[in-house]
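Rule-based calculations on the coordinates, nothing more; no lab input. Everything quoted here is computed from the prediction, not taken from an experiment. Here the Cβ is made from the backbone with ideal geometry for all residues, glycine too, and neighbour counts use every protein chain on show.
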Amino acid sequence: MSEEQNKPSDATVEPTEATADTASQTDAGQTGSGSPEDRVAKLEAEVASLKDQLLRAMAETENTRRRAQRDREDASKFAVSSFAKELVSVADNLRRALDAVPAEGREQDEMLKGLAVGVEATERQLFAAFDRAGIKKLDPAGEPFDPNFHQVMFEIENTGKAAGTVVQVLQPGYTIHGRLLREAMVGVAKGGDAGGQHVDTKA
């Protein structure tokens, strides 16, 4: 056997220029497939999608902020509702005390007159505090019955008023910032429907 045949073959194979060119073309085809116009269109679509997602996220954040602000305002406005409901009972008692004092009694008794004047001053102060807290009194005499704010206690016949008109207020109602705090207890004119509205005396 000759010396050249016994010589070990070289394991490293150098790539030819043609092989290198083919590999370069293959890599370029994989990384940049499609025309430049296609790549631009794809990028523009991605930008539009990301912009839409951003706008939606911003809108949702603003809605959440507004809801939180509205909840804080509602909590501030209506947090005293339970306390206010207790105070309107105090207002009822002040008015009952004043109604119990006859007009002639004030003229004949200076002490009774002074007491009535003091109770009236207290009542005015209480209603001034109610106004500052957004609490309004409902005295619906002569108004149409409203089931959202009135509770019918009885119906009265032959009043000369349209059916469903409030003809007597047994107890005034109150609202706080437009929301019902206590229904007004009323008596209404009887006669069927009032303006197409049925009066439910069981309300």
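What is the extension gain from GLN171 to ARG67, computed as 0.36 nm multiplied by their sequence separation minus the C-alpha to C-alpha distance, in nm to one decimal? Each step should come with its number before you reach the end.
Details: separation 104, 0.36 × 104 = 37.44 nm, distance 3.62 nm.
Extra length from GLN171 to ARG67 when fully extended: 33.8 nm.
Of the cross-linked pairs LYS136/LYS161; LYS77/LYS161; LYS113/LYS136, those separated by over 31 Å at the C-alpha level are LYS77/LYS161.
The simple Förster model, with R0 at 41 Å and r as the Cβ-Cβ distance, assigns ALA79 and GLN108 a FRET efficiency of 0.30.
Expected output is a single nm value to one decimal: the length gained when fully extending between LEU54 and ALA100, i.e. 0.36 nm times separation in residues minus the C-alpha distance. What is it? All intermediate terms of the calculation are to be shown ahead of the outcome.
Numbers: separation 46, 0.36 × 46 = 16.56 nm, distance 6.86 nm.
Gain on stretching LEU54 to ALA100: 9.7 nm.
How big is D for the range 72-203, in µm² s⁻¹ as a whole number, if Stokes-Einstein is applied with the Kirkwood radius of its Cα pairs at 25 °C and 0.890 mPa s?
Working: Rh = 16.6 Å.
The calculation lands on 148 µm²/s.
One compactness figure for the range 86-153 is 1.38, namely its Cα radius of gyration divided by 2.2 N^0.38 Å.
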